[in-house]
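The values are calculated or read from the model by the stated rules, or taken from the named source; none is laboratory data. None of the values given here were measured: they were computed from a predicted structure. Here the Cβ positions follow ideal geometry from the backbone for every residue, glycine too, while neighbour counts run over all protein chains shown. The accessibility values were calculated without ligands, DNA or RNA, using every heavy atom of the protein model including side chains. Shrake-Rupley method; radii C 1.70, N 1.55, O 1.52, S 1.80 Å.
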Amino acid sequence: FASKKHKSVIRQSKGFRGRANRCFRIAIRRLEKSWQYAYRDRKVKKREFRKLWIQRLNAGVRQQGLSYSRFINMQAQSGVVLDRKILSSLAMNEPFSFKAVVDVVKMSH
């Protein structure tokens, strides 16, 4: 290798397809693009997980005879402070606890 920099770039580009994992000039371009993807997808990951929580929460709430939007509105008014992540995990893994939360939200409304 020409330098330490070349060596580190080639090491980081391990797993890339074609010459992108062997040739420095191609590898550096691919690596910069991969950093762009990584930066973008750190943001996208948050969006995707929020969407997933909302879908799970909607499914759980509909079993209790409510829609997601109505439930969130009622929850905000009731003062129950649980975020979507916690509520969706309750809906999936602890259906009885989730039902209790929904009942509390319904009662206070």
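Just to be sure, is residue 61 under 26 Å from residue 109 (Cα atoms), more than 16 Å from the chain's Cα centre (by Cα) and among the β-branched types (Val, Ile, Thr)? Yes: the conditions hold for residue 61.
Applying a threshold of 7 Å to beta carbon distances and a minimum spacing of six or more residues, or different chains, the list of pairs starting in the range 1-18 at a residue that is touching a residue at least 24 places away in the same chain (Cβ under 8 Å) and more than 10 Å from residue 31 (Cβ to Cβ) and ending at one that is open to solvent by 100 Å² or more (accessible area, probe 1.4 Å) and not in a loop (DSSP other than H, G, I, E, B) is empty. Restricting attention to the range 96-107, which residues are in contact with a helix residue (DSSP H, G or I) (Cβ under 9 Å, 6 or more places away or on another chain), open to solvent by 70 Å² or more (accessible area, probe 1.4 Å) and not basic (Lys, Arg)? If the condition is that a residue be in contact with a helix residue (DSSP H, G or I) (Cβ under 9 Å, 6 or more places away or on another chain), open to solvent by 70 Å² or more (accessible area, probe 1.4 Å) and not basic (Lys, Arg), then 104, 107 are the ones that fit. Criterion applied to 47, 70, 22 was being under 30 Å from residue 7 (Cα atoms) and charged (D, E, K, R), and the one residue passing it is 22.
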